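Report on the following structure.
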Amino acid sequence: MDDINQQGDNGSITSFPVDINRDEFVKFNFLVSKTTGFLRFKRSQMILLLMLGGFSLFAMLNEAIAQSKIDYISIFLTVVFILSGFFIFIGATYFIKKNAGRAYDQTMMGGQSYYGIITVYPDYIQKENDHTTTRLMFEDNAVYIEAEDMIVILSSHTPAIVIPGRCLTPEFCEGLRQAALSAIPIARQKVQSRIVPSATQPILPPEMTQVGQEWEQEEELSVEIDYKREEVVKIATDTAMRSFLKMLPVYSVISMLVAMYFGFQYGFITGIILYLIINAAFIGFRLLAPRVGAGRAFDNMQESATIMVKLKRPGIIINSRKNPRGVRLAWSSLTRAVERPDSVDFISHSTLLRIPKRCIKDFKELKDFVDSHYVSNKA
């Protein structure tokens, strides 16, 4: 076997494999946002909004004392500025991490992998995997970000290249830093702390690790599901309802603030009517539209809605014609496993797998298998 760290005949400095797990993907998004994105000015944005809220509150109190009346517009602006400030302080980080985790899950559900081979050249870095090849030129306004557990190289024209410290040996790390720090100007180098490479040898592809080999073993149980139209629509509706309930506090605040503003301007009844209209629009957009869309998609489907579910010791694999590699749900990633009157639901943060009971040949066998694996992982 060739040593992938040897300098290539094509002028490369070093080459090595990398992979990104869910936690690393979330950290990468947070690191980029904190270094070059929205969270970079988090403190100054929060202070500015709270100051504007304070000025609005002062103006409101001053007018109330001087003219013995309350300016409702000042009340509205005060509430908006203060809530916006607290959202940036508390909510922005949460939403960035949550959306990053959801994006990672959706990518993995699509059958894609973050495993690939990094090749470093004096003037660019390249990542190649089974699906794509990404080449990021250092001269193309590249930004170098280094933290204790990862290196990130950004460009506005290509996807970011993320290299976790666990994938780097000291030799790989030295070759990477030598090329990047020599080619990227100091002004675009964001070194928060020196990375600590923790690999002693090149990492293996996911399917060759011990966990990967466990996934490839013969399945313990398998269930073939041929969904009916009403089942597909019901799954889409329930998924949309879960998302809607999670965002309900945000929707309520938005509709309340808009209703307050127009209520102060045009009367209490106008505000109430507008509040109901806005909530009805949210319900239609987030609940009814997915239901209609799922039914239409099923009617226009060119292929069968059949999927194969395989229950194994590490978790659940969902195979379909569009994704023969399969979606993998580890038992530890599931938040709930629920038996319903006509189905069994497996729920994670981004996935709802519903197995109709009509498709299960031996329900007791399936229940015993799930209880012995899912419950033990939650203990």
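Observations on the model:
- In the set (1) closer than 22 Å to PHE346 by Cα; (2) assigned to a loop (DSSP other than H, G, I, E, B); (3) not hydroxyl-bearing (Ser, Thr, Tyr), ILE307 fails one condition alone, (2).
- Every listed requirement among (1) out of contact with any Pro (no Cβ under 6 Å at 6 or more places or on another chain); (2) modelled with pLDDT of 90 or more; (3) assigned to a helix (DSSP H, G or I) is met by GLN213 save one, (2).
- Pairing residues of segment 280-303 that are loosely packed, with under 11 Cβ neighbours inside 10 Å with residues that are not acidic (Asp, Glu), at Cβ distances under 9 Å and at least 6 apart in sequence or on separate chains, gives ASP299/ARG229; GLU303/SER320; GLU303/ARG321; GLU303/LYS322.
- ALA100 closer than 13 Å to GLU24 by Cβ and crowded, with 16+ Cβ neighbours inside 10 Å: yes
- Of all the numbered requirements in (1) under 22 Å from the mean Cα position of the chain (by Cα); (2) assigned by TED's automatic domain parsing to the domain that holds GLU220, LYS312 misses one, and that requirement is (1).
- Scanning segment 29-42 finds one or more residues that are exposed (fewer than 14 other Cβ atoms within 10 Å of the Cβ), more than 15 Å from ILE145 (Cα to Cα) and modelled with pLDDT under 90.
- For the criterion of being over 21 Å from the mean Cα position of the chain (by Cα), in a loop (DSSP other than H, G, I, E, B) and in contact (Cβ under 8 Å) with a residue 40 or more places away in the chain, ARG321 fails.
- Considering residues of segment 231-264 that are in contact (Cβ under 8 Å) with a residue 60 or more places away in the chain and more than 26 Å from the chain's Cα centre (by Cα) only, the residue surrounded by the fewest Cβ atoms within 10 Å (Cβ to Cβ): LEU257
- Total residues in segment 103-112, condition buried (at least 17 other Cβ atoms within 10 Å of the Cβ) and at pLDDT 75 or above: 2
- ILE153 being closer than 23 Å to ARG328 by Cβ, surrounded by 15 or more Cβ atoms within 10 Å (Cβ to Cβ) and either among the aliphatic types (A, V, I, L, M) or at pLDDT 95 or above (or both): no
- Scan of segment 318-350 for residues that are closer than 19 Å to ALA103 by Cα and of a type in the set (Val, Ile, Thr), ordered by number: ILE318, VAL327, THR335, ILE347
- Annotation note: of ARG102, ARG135, the sole residue that is more than 22 Å from ILE195 (Cβ to Cβ), outside the structural domain of PRO197 (by TED's automatic domain parsing) and not aliphatic (A, V, I, L, M) is ARG102.
The values are calculated or read from the model by the stated rules, or taken from the named source; none is laboratory data. A quick note: this is a predicted structure, and the numbers were derived from the prediction, not measured. Every residue, glycine as well, gets a Cβ built from its backbone with ideal geometry; the counts of neighbours run over all protein chains shown.
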